[in-house]
Amino acid sequence: KRPLRIAPSILSADFSNLGPEVRSVVADGADWIHLDIMDGHFVPNITFGPAVVKSLRKYTDAIFDCHLMIEPADPFIPAFAEAGCDYITVHEEAGPHLHRSLQNIRNLGKKAGVALNPATPVSMIEHVIDDLDLILIMTVNPGFGGQKFIPATLEKIRQANALIGDRPIELEVDGGIAPDTVGAVTEAGANALVAGSAIFGRAENGSYAPSIKALRDA
Ligand code: DX5
Ligand code: ZN
C-alpha cells in the first residue's frame, strides 16, 4: 500500500509571503509542496515560473511536486528541474509527444508525472505506464482553486489504481479535496492528496496543523 501524502497547493497561499507560507505548512505537517504552474494558455489563469520555485527551494527540504499546466511543456522542463522540482508532472493534453516529455524529465534525474483532465480517459496513458512515477487525476478542471469536486472522476481513480497494479507509482488527486471528499478518493486508490483551499483557506490561529490533520484523519 502506498503511503498517504498531504500535498498543499500554494495556489491558495499568500503570494506576497510564499517562503514563510511553505515553511509553516511543512512545519504544520505537510508531506509535499504542490506547485501549480499556469500559463494563461493551457489554462485560463497565470501563476509563477521557475524563478519563484528556485527561491522557494531555500525554505524547505520537502518534496516539490510541480504541476505544469503549460503548453508546450517540453521547452520549460529543464528550467523546472534546475529550479529544484522533485516531481515534474505534464498534462497528457498539453502536447503530442507524451513519451518524449516523460523521458526528458527522467533524463534530468527527476520523477515523471502525467496529469489527466476530467474528460481524458485513463487509457491514454496505458502505453507509458512504465515511464511514470506519478499519475495525477484532476478532480476539477485545472485553472483555479476552490472548485467543486467532480464525482465522475472517482471511476477514473479506480481505473488508474488498477493500471498501476504493484508498480511504484504515486496516485494523486487534485481539486476539491477536503475532509468530505478524502474518504471517497482514498477508497478509490488515491494516496497523494493535493489541497489548496482546504489547507490555506482554513488556518486556525495562524496554524495549518488542524486542517492538515483533518485531511489525514478523514
Ligand atoms: C487547480 C490546481 C489545484 C488547486 C486545487 O487547477 O491544479 O492544485 O490549487 O485547489 P483546491 O484544493 O482549492 O481545489
Ligand atoms: Zn495542481
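Relative contact order for the chain using alpha-carbon pairs under 8 Å, separation at least 6, rounded to a whole percent? Kindly include the intermediate steps, with their values, before the conclusion.
Values: 446 pairs, mean separation 45.1, N = 218.
That works out to 21 percent.
With a bin width of 10 angstrom, please list the P(r) values of segment 1-151 as percents of all Cα-Cα pairs, from the 0 bin to the one holding the largest distance.
Pair shares across the bins are 11, 43, 38, 9, 0.
If we sort 72-79, 88-95 on the protection proxy, mean other Cβ atoms within 10 Å, highest first, what's the order? Could the numbers behind the result be given before it?
On the way: 72-79: 17.2, 88-95: 23.2.
Final packing ranking: 88-95, 72-79.
Please report the Cα spread of segment 108-164 along all three principal axes, rounded to whole Å, starting with the longest.
Rounded to whole Å, the extents work out to 33, 25, 14 Å.
Let me know the charge dipole size of the chain about its Cα centre in debye, to the nearest 20, where only the beta-carbon of Lys, Arg (+1) and Asp, Glu (-1) is charged.
About 300 debye.
Across segment 89-218, how large is the tail of the calculated P(r) beyond 25 Å, expressed as a percent of all Cα pairs?
Details: 2263 of 8385 pairs.
For segment 89-218, the share of Cα pairs beyond 25 Å comes to 27 percent.
Using only Cα atoms, locate the centre of segment 1-75 and the centre of segment 101-153, then give the distance between them in Å, rounded to an integer.
16 Å
Residue 27 to residue 209: extension gain in nm, 0.36 nm per residue of separation minus the Cα-Cα distance?
Numbers: separation 182, 0.36 × 182 = 65.52 nm, distance 0.83 nm.
Using 0.36 nm per residue and subtracting the Cα-Cα distance, I get 64.7 nm.
Taken together, the values in this text are just the output of simple stated rules run on the coordinates, not laboratory data. As the structure is a computational prediction, the values presented were derived from the model and not from experiment. Counting neighbours? That spans all protein chains shown, and the Cβs are built from the backbone with ideal geometry, glycine included.
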